[in-house]
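The structure under discussion appears below in the form of structure tokens.
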Amino acid sequence: MTPAIPRTAVVSGGIGGLGTAICIALARAGCRVVAADLDGHGGRIDAFARETGGLDIGFAALDVTDFAACGALVREVEAAHGALDILVNAAGITRDTTLRKMEPAQWDAVLGVNLGGVFNLCRHAVDGMASRGFGRIVNISSVNGQTGQFGQTNYSAAKAGMHGFTMALAREVARKGVTVNSISPGYCETAMVLAMPQEIRDGIVDKVPVGRLGKPEEIARTVAFLAADDASFITGANIPVNGGLFMSF
Ligand code: CAA
């Protein structure tokens, strides 16, 4: 549903595989969108501009591990647009390897971006949302935070931690018009998943009841759903979007 007043959204990891689709879905839902991502992003900026051309989507260079830079971005967006209404934390990396081979740097990198980045942006965004009486925070977690995945102690810990964070913050701001939810995507058609060894990927797809990888748009529509003005009674939830790979009740 198009919001009565245009909402302003920041999407971290906005140039990434899921991030681009999320930016497009929010813009099509009537939001102004700022895609925040590493400057340059491996030459993806030009492709991003082509894919999002004609939509109200800007770009801001941001390293989500930089606490001060996250604060500066939030203040810039609030100054330019009057508010930051929707924050989608989609910045994520993998450094897959078994724990017995994992270097501290691989642990720190994944925890720093995937979980530290959520703290850094939420910490700066949440006061403004609460004082304005409206906010939507959507954290992009992973099925692997629910199940654990071989070779991903760092990633699974960060993604599970993201949902603990989601539930705790949801309670803190529930009476201020701010909802905080997470989405746990399964394996999707993104560079991150396509970079996996093919035989491992094929083995995982074989186990997906729907029988295929997810499409970024299938995650993005769930983000747009949770970010809508009338999603106001959903908070502290984790929505699995995984083709049936992991089911729970
Ligand atoms: N379960 C149990 N045992 C396994 C296993 C599994 N899934 N995979 C491998 N093993 C076994 C191997 O058979 C091998 O056994 P032996 O030593 O007895 O021969 C042992 O574990 C070591 O395996 P490898 O030699 O393959 O270990 P490696 O260090 O070379 O590779 C790895 C490990 C890089 C983590 C590789 O297994 C891998 O890429 N796994 C996939 C990880 C994954 O799913 N990543 C998801 C990325 S996408 C994403 O994260 C997005 C999202 O949110 C869904």
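Any read-out appearing in this document is the output of simple, stated calculations on the displayed coordinates, not a laboratory observation. As the structure is a computational prediction, the values presented were derived from the model and not from experiment. Methodologically, a virtual Cβ is constructed for each residue, glycine included, from the backbone with ideal geometry; neighbour enumeration extends over all protein chains shown.
So between ARG221 and GLN198, what do we pick up on full extension, going 0.36 nm a residue minus the alpha carbon distance?
Gain on extension, ARG221 to GLN198, equals 5.5 nm.
Taking 8 Å as the Cα distance limit and 6 or more residues as the minimum spacing, I'd like the relative contact order of segment 8-238 as a percentage.
Answer for segment 8-238 is 21 percent.
I'd like to know how the chain sits against the 2.2 N^0.38 Å rule of thumb: what's its Cα Rg over that expected value?
Ratio of Cα Rg to 2.2 N^0.38 Å: 0.95.
Which residue fluctuates most in the GNM of the chain (Cα springs below 10 Å): GLY19, GLY71, GLY92?
GLY71
Relative contact order, percent, of segment 121-183 when contacts are C-alpha pairs under 8 Å separated by at least 6 residues?
In percent, rounded to a whole number, it is 43.
Suppose a student asked you for the relative contact order of segment 127-237, using Cα pairs under 8 Å spaced at least 6 residues apart; what percent would you report?
Result for segment 127-237 is 33 percent.
As an exercise, identify the chymotrypsin sites (Phe, Trp or Tyr not before Pro) in segment 122-203 lying in DSSP coil whose Cβ has no more than 15 other Cβ atoms within 10 Å.
PHE150
Arrange the following residues from fewest to most other Cβ atoms within 10 Å of their Cβ: GLU218, GLU172.
By the 10 Å Cβ count, ascending, the order reads GLU172, GLU218.
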